[in-house]
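Enquirer: Here it is, the structure, as structure tokens.
The values are calculated or read from the model by the stated rules, or taken from the named source; none is laboratory data. In this text, all values refer to a predicted model and were calculated from it rather than measured experimentally. Cβ sites come from the backbone with ideal geometry, for glycine too, and all protein chains shown count toward neighbours.
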Amino acid sequence: DAMVIQNPRYQVTQFGKPVTLSCSQTLNHNVMYWYQQKSSQAPKLLFHYYDKDFNNEADTPDNFQSRRPNTSFCFLDIRSPGLGDAAMYLCATSTGGTDTQYFGPGTRLTVL
Amino acid sequence: GEDVEQSLFLSVREGDSSVINCTYTDSSSTYLYWYKQEPGAGLQLLTYIFSNMDMKQDQRLTVLLNKKDKHLSLRIADTQTGDSAIYFCAENKVIFGPGTSLSVIP
């Protein structure tokens, strides 16, 4: 059974057109993360939520925002996608205690 | 600063053992992780080791940790073609190495 679900799996948007990526979890974990992974590179943490507390990485561009309306869902909003934002976006969850992360399958974003 | 390094490519023959190496810099890392990523897919947690352990074995996987040298390795015994993937080591969840692409030759 899928535990971390990302929708859609593939997203195409136009340069400058806002786009939202979705992540949901059935694990009831406190922490949810968003990573950006460009081709042949390591995942890069953008931000994470510990419950409702939002934690932004220092080098995450302002173009990237996130919302977590409840425990199960977390959204990544890209306000004005540029060509350089084309990447795989990975959502992950964990409990604060064990620190083990569970990743979703990712959403591959294409910017035209 | 924080940095995790890995060799980028490894090629082994089916049935041989694979050893993927990683060095990290943050001596305060509590957990160190190995993830597997197949093409077009998300990351799959393979195993992790707590920083006060030297070794952890899980079926075909053996993780060795040398905390003094900040060196982590993943050994895959009896490597199969299905093990072909990119392997990432990570410290404390948020700092990932560049990944090692493992190719298994039949």
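Enquirer: Let me spell it out: the conditions are (1) closer than 22 Å to B:S11 by Cβ; (2) hydrophobic (A, V, I, L, M, F, W, C); (3) touching a Cys at 6+ places or on another chain (Cβ under 7 Å), and B:L32 meets all of them except one. Which number is the exception?
Expert: Checking B:L32 against (1) closer than 22 Å to B:S11 by Cβ; (2) hydrophobic (A, V, I, L, M, F, W, C); (3) touching a Cys at 6+ places or on another chain (Cβ under 7 Å), the one that fails is (1).
Enquirer: Something else now. Among the strands (runs of 3 or more DSSP E) contained in chain B, which hold 2 or more residues that are within 27 Å of A:A86 (Cα to Cα), within 14 Å of another protein chain (Cβ to nearest Cβ) and not charged (D, E, K, R)?
Expert: By residue number, B:4-6, B:31-37, B:43-50, B:85-91, B:100-105.
Enquirer: Are any residues in the range A:1-37 farther than 21 Å from B:E38 by Cα and not in a strand (DSSP E or B), and if so, which ones?
Expert: A:Q14, A:F15, A:G16, A:K17, A:P18, A:T26, A:L27, A:N28, A:H29, A:N30 - these are the residues of the range A:1-37 that are farther than 21 Å from B:E38 by Cα and not in a strand (DSSP E or B).
Enquirer: Residues A:K52, A:K17: which one is surrounded by fewer than 16 Cβ atoms within 10 Å (Cβ to Cβ), modelled with pLDDT of 95 or more and farther than 13 Å from A:Y89 by Cα?
Expert: Working: A:K52 fails: modelled with pLDDT of 95 or more.
Testing whether each residue is surrounded by fewer than 16 Cβ atoms within 10 Å (Cβ to Cβ), modelled with pLDDT of 95 or more and farther than 13 Å from A:Y89 by Cα leaves just A:K17.
Enquirer: Is at least one residue of the range A:61-68 at pLDDT 95 or above and loosely packed, with under 13 Cβ neighbours inside 10 Å?
Expert: Looking through the range A:61-68, at least one residue is at pLDDT 95 or above and loosely packed, with under 13 Cβ neighbours inside 10 Å.
Enquirer: Among the residues of the range B:58-73, is any surrounded by 13 or more Cβ atoms within 10 Å (Cβ to Cβ), of a type in the set (V, I, T) and within 27 Å of A:G96 (Cβ to Cβ)?
Expert: Yes: the range B:58-73 contains one or more residues that are surrounded by 13 or more Cβ atoms within 10 Å (Cβ to Cβ), of a type in the set (V, I, T) and within 27 Å of A:G96 (Cβ to Cβ).
Enquirer: Further, regarding this structure: Which pairs do you get when a residue that is of a type in the set (D, E), found in the range B:28-47, comes within reach of a residue that is at pLDDT 90 or above, reach meaning Cβ atoms under 6 angstrom, with the pair 6+ apart or on two chains?
Expert: Every condition considered, the pairs that remain are B:E38/B:A85.
Enquirer: Among the residues of the range A:69-101, count how many are surrounded by fewer than 19 Cβ atoms within 10 Å (Cβ to Cβ) and in contact with a Phe, Trp or Tyr (Cβ under 6 Å, 6 or more places away or on another chain). So that I can check it myself, show each step before the final result.
Expert: Step one: of the range A:69-101, the residues surrounded by fewer than 19 Cβ atoms within 10 Å (Cβ to Cβ) are A:69-73, A:75, A:77, A:79-80, A:82-84, A:86, A:95-100.
Now restrict to residues that are in contact with a Phe, Trp or Tyr (Cβ under 6 Å, 6 or more places away or on another chain): A:99.
Summing the residues that are surrounded by fewer than 19 Cβ atoms within 10 Å (Cβ to Cβ) and in contact with a Phe, Trp or Tyr (Cβ under 6 Å, 6 or more places away or on another chain) in the range A:69-101 gives 1.
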